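Note sheet for the following structure.
The values are calculated or read from the model by the stated rules, or taken from the named source; none is laboratory data. Predicted model, so just to flag it, every value in this text is computed and none were measured. Positions of Cβ are backbone-derived with ideal geometry, glycine not excepted, and every protein chain shown enters the neighbour counts. Calculation scope for accessible area: heavy atoms of the full protein, side chains included, ligands and nucleic acids excluded. Shrake-Rupley method; radii C 1.70, N 1.55, O 1.52, S 1.80 Å.
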Amino acid sequence: MAEPAERSSTAGQRLGAPESLGVSTLEPGLRPPGQPPGRQVPMRVQLLDDTQEVFEIPPRSPGKVLFDLVCDHLNLTEGDYFGLEYTNHHKMPVWLDLLKPTLKQIRRKSPPLSLSRFPICCERNSSMSTCVYLFALQIKHDLACGHLICNDTSAALMVSHIIQSEIGDFDETQSWHHLLHNKYLPDQDAIRDKITECHRKHVGQTPAVSDYHLLEIARRLEMYGIRLHPAKDREGTKLSLAAAHTGVLVFQGYTKINSFNWSKIRKLSFKRKRFLIKLRNAHHDTLEFAMASRDCCKVFWKICVEYHAFFRLFEEPKPKPKAILFTRGSSFRFSGRTQKQIFDYMKDSEPKKVPFERFDLITCRIHIGSIPPHHCPLSSPVSHPVPFLPPLESPGSEESPAESPHHVVVNGNGSGGGTGTDSDIIQSQSPEGQQLSPLTSPLLTDAGCVRNDEDEEARRKKFPTDKAYFIAKELLTTERTFIKDLQVITELWMLPVFVGKDEAFPDAIKTLIFSSYDPVYKFHQGFLKEVEQRLAQWSGRSNAHIKGDYQRIGDILLKNIQGLRHLTIHLQKHSECLVELERASRSSRKVEALCRDFEQQRVCYLPFNMFLLRPLHRLLHYKLILERLCKHYPPTHDDFRDCRASLADISEMVLQLQGTMMKMENFQKLLELKKDLTGIDNLTIPGREFIRLGCLSKLSAKGLQQRMFFLFSDSLVYTSRGMTPSNQFKVHGQLPLYGLTIRESEEEWGVPHSFTLYGQRQSVVVAASCASEMERWLEDIRMAIDLAEQSISPNTDLLSDEDGGVELESEDELGSSRSSLERQGHRGNTTVHVCWHRNTSVSMVDFSVAVENQLSGNLLRKFKNSNGWQKLWVVFTNFSLFFYKSHQDDYPLASLPLLGYSVTVPSESENIHKDYVFKLHFKSHVYYFRSESEYTFERWMEVIRSATCSSSRLLPSTRKDLY
């Protein structure tokens, strides 16, 4: 519990500012920072958390003095993204000019100045937690005031993240009560059910994660960062003008009808009520807009000058020399750092993050982090501010294509067999005895694992009941899987290549990979031993005679995370290893063949380059585990201090490496897709981002035909399964996103959930499987179009020269030769193939979420025709469950991809009279799994929900929140 005196801390203290800076004069006994001698003028400023602070400035000081005091008070390093706003004598909101004296701009009896975020949409590049938090507060304010225009789905999702950051995990009574007493939207009551349904999906999500997700949703909205200025064209049509980082935009209502990039604008000016845009083209066209007054023109002109300078210039423009005789035009200029200067400063200086305590005034929980608190909890920043968000709604299992009896590719010859409940679990041994990948073989039978029954129940009762024990056990189980993944690199792949006499790999790459991964592997071996010993002592099995306080884990975590910090130099090289290995594969067919052959082995149960990123992803898992421990322990617990210190250290490491992780995840995904596609060139060019892949139906002369679509930041590619030995998808064509427009066309074509894509050379009509799928595609395509418009080279062609873009034969014509091709051992259920057979889609944000939602441990699996239970070691990663006999096995027995599945608890009619049982089902396929405790049950439900496209929710009466 927080002390009352601590609750009344100032905004500056909550933001971690030094005590000697920016203290409000409203607080008795405290004095403001030192100022030049003489009379001081008090200025009242309203901050983004709706609190007001008073700052004293000299009478003739420029606006920059006041603004710097506010930034110091908030410990805000990236203050250039913000400004002080006030209402001028024409009752217009304007920004405080930092170069002019403050008192010449503001009347004595004016309302308080407001700290506001400039309406920009580049905060995905922000690296400071304070800045991110203030962005989130601004979005919350804009939603409440109706300034941020969006559809109900996006609004509900954003509000759900705000509520998650304020009150924590979903509780039906508390959430409804909170919504009744807090207004986040003007029409909140109409979508209250949507908000609560979204809030259910954020279980375990920290406030910092919620803030980053909130920003990522907001910046994808067309109206985000847009402040409309009323105007009229020459015909008197009512329009609105807006400045953006790309240029000047023209809106009719809330629809963007035109845009003029900065590169195409030669000059901006105004003459009385007329605002003029002179274009840089052959005719030097001049566009004219009429605004309400000269002051309106001048305000908008100043905003455009600031936007152009901030985003386009490398450094702050120099002031104009004063004229000797007379002046002409305005002397206004942009003041402050440009965006490039901010990035360079943050990159070079790496300013220190000041730790602080954050208080949740609703639940009185204390969180430690580096982001400023107000009335909602916020911990350290999430490591993955990815540019997309998990889907809000998910298609049901009945939406998979009826023509796919086996919804996982099982070598195409129906080796899955029948429609039994096991036909989509894929075993790692083929009928012919050939050693293939676990992703290409038929069934997991009852053989292979020892049956377990009631004896497991008795053994389970001996374990401690403390939740902290099960959190520590999750650390143990996932660390075991992580060690196995490191072995794939350091032993199973590296030693035969490096120790042998094979000269295919250049010596430089051998040295780079070995020196980067071997120290990390050895370190984690020692870490795992310490965790295993502590858990054995904690549980008391065979160690009851040992005395000591072993029911804690924070001391081991603190010691090893501090040791892990010394390995940062090796972790930073892992991205270089991925790039250099890909470069070597492109330049040498022998290297490419060696890597391809290794990927077909059973030990390589994931694409090999995913293993190379495992050490970076493991940092995220440590952070999440420590957040759970800090949330569970009271501040008075002996283990709390060590866990809190460990969390601070690991959060700093994650923040330091998050930029590398984001780039490498995108690069890795492009490399993976490159293997699944044929007829495409230059997929991994710099600057290209993968956004979404999935199944859509394309309307052609033969009717609707199933196609796989791949959305990148510059192009939309559509494919069908091709006639290749490797079971790849053949590209049919592409739609460059530059100049692409979208229109919903369900009524025009009579096809449910259809929309038309209008490109520069062709138009395509496609249909999604359901309304939610269509909404996801439309939202991501619109966002990708915006990215393409900002691209330097908008006409990038992905297709090979020989393909041209001509539509190939239909899917039905390709089907006759498929079976013979698919028997050749290709990994048959990559994410692309699973989406194809289950008629769904996956976005890049889903892959990023999957990185964080990994879990390992023992589960009991129920046999379909008996009451017996089978004990399995189960690893959840990459949207799939992988099954082993024990954690010591080198490769999985079988796997179960979960895209399209639903996870629920069994009903009474199913006669599963056991605790902690969850049910996985898709069409006729049903699986029951039983966990050992309430905590592990909730964790399995949580991570599986992150991968299933149709996650059914537990009834409130049967669900027990852990947090």
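Points worth noting:
- Checking SER713, SER700 one by one, the residue that is within 25 Å of ARG586 (Cα to Cα) and small (Gly, Ala, Ser) is SER713 and no other.
- Single residue of the range 849-869 satisfying the filter (at pLDDT below 90 and assigned to a strand (DSSP E or B)) that is least open to solvent (accessible area, probe 1.4 Å): TRP869
- Considering the range 233-256, the residues that are within 18 Å of THR741 (Cβ to Cβ) and in a loop (DSSP other than H, G, I, E, B) include one that is most open to solvent (accessible area, probe 1.4 Å), namely TYR254.
- Answer residue from the range 257-299, given it is over 30 Å from ILE742 (Cβ atoms) and assigned to a helix (DSSP H, G or I) and is least open to solvent (accessible area, probe 1.4 Å) among those: CYS297
- In the set LEU699, LEU671, only one residue is open to solvent by 20 Å² or more (accessible area, probe 1.4 Å), within 25 Å of VAL731 (Cβ to Cβ) and either touching a residue at least 24 places away in the same chain (Cβ under 8 Å) or in a helix (DSSP H, G or I) (or both); that residue is LEU699.
- When LYS302 is tested against the conditions (1) among the basic types (Lys, Arg); (2) within 32 Å of the chain's Cα centre (by Cα); (3) part of a helix (DSSP H, G or I), the lone failure is (2).
- Yes/no for ASP507 being open to solvent by 20 Å² or more (accessible area, probe 1.4 Å) and at pLDDT below 90: yes
- In the set (1) touching a Pro at 6+ places or on another chain (Cβ under 8 Å); (2) crowded, with 18+ Cβ neighbours inside 10 Å, LEU148 fails one condition alone, (1).
- Search result, residues across the range 581-598 that are open to solvent by less than 50 Å² (accessible area, probe 1.4 Å) and either among the acidic types (Asp, Glu) or touching an Asp or Glu at 6+ places or on another chain (Cβ under 9 Å) (or both): GLU582, ALA584, SER585
- Close contacts from the range 167-183, counting a first residue that is not assigned by the TED database to the domain that holds GLU938 and part of a loop (DSSP other than H, G, I, E, B) and a second that is among the small types (Gly, Ala, Ser) and open to solvent by less than 100 Å² (accessible area, probe 1.4 Å), with Cβ to Cβ under 9 Å and a gap of 6+ residues or different chains, come to ASP169/GLY204; PHE170/SER160; LYS183/ALA144.
- Residue count for the range 768-782, restricted to those that are surrounded by fewer than 20 Cβ atoms within 10 Å (Cβ to Cβ) and of a type in the set (A, V, I, L, M): 2
- The set of residues in the range 707-732 that are more than 18 Å from MET783 (Cβ to Cβ) and within 29 Å of the chain's Cα centre (by Cα) comprises ARG707, MET708, TYR718, THR719, SER720, GLN728, PHE729, VAL731.
- Boolean, ASP549 is part of a loop (DSSP other than H, G, I, E, B) and surrounded by fewer than 17 Cβ atoms within 10 Å (Cβ to Cβ): yes
- Cross-chain or 6+ apart pairs with Cβ under 6 Å, the range 917-928 first and under 13 Å from LEU881 (Cα atoms), then open to solvent by 40 Å² or more (accessible area, probe 1.4 Å) and in a strand (DSSP E or B): none
- The range 77-96, residues that are more than 15 Å from VAL45 (Cα to Cα), open to solvent by less than 40 Å² (accessible area, probe 1.4 Å) and in a loop (DSSP other than H, G, I, E, B): THR77, GLU78, ASN88, MET92
- Of all residues in the range 185-219, those satisfying the criterion of being at pLDDT below 90, more than 23 Å from GLU942 (Cα to Cα) and outside any helix (DSSP H, G or I) are PRO186, ASP187.
- Top-ranked residue of the range 926-949 - restricted to ones that are in a strand (DSSP E or B) and open to solvent by 10 Å² or more (accessible area, probe 1.4 Å), ranked as nearest to LEU860 (Cα to Cα): TYR928
- Answer from PRO230, PRO186 - the residue that is touching a Gly at 6+ places or on another chain (Cβ under 6 Å) and surrounded by fewer than 20 Cβ atoms within 10 Å (Cβ to Cβ): PRO186
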